Amino acid sequence: MKLVYFDDFKLGVLKGDAVIDVSSVVRDIPHTGPHDLISGLIARFADYRGRLEQATSNGGGVSGPLGRTSVVSKPDCAPSQAMASALGSPPSTTSLGTGS
């Protein structure tokens, strides 16, 4: 599962060449910004994985083809890993699921 931020930091899942908007699935995670949201999702991923997969398979909330969607970033590592990388330490590899 590939998570992306798009269009002013909405959370989405990349499915093929489309971005599925899953911001409504994670809106109950307490956050003040995108960094808190992804940290909260990582901490609770086991609780949210099924909901994210269901939203992705339903195709609901499709943002559009990747070429026509403004992707802000791909949050593919934990915040502590990003900080370690910024400080010069090599981040370890983390996967949120099976990599599909």
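The values are calculated or read from the model by the stated rules, or taken from the named source; none is laboratory data. Please read these numbers as outputs of a predicted model, since none were measured by experiment. Every residue, glycine among them, receives a Cβ derived from its backbone with ideal geometry; neighbour counts consider all protein chains shown.
Check off (1) surrounded by fewer than 18 Cβ atoms within 10 Å (Cβ to Cβ); (2) modelled with pLDDT under 90 for F45 and give me the number that stays unchecked.
(2)
Among the residues of the stretch 9-40, which ones are touching a strand residue (DSSP E or B) at 6+ places or on another chain (Cβ under 7 Å), surrounded by fewer than 16 Cβ atoms within 10 Å (Cβ to Cβ) and under 10 Å from A55 (Cβ atoms)?
Within the stretch 9-40, none qualify.
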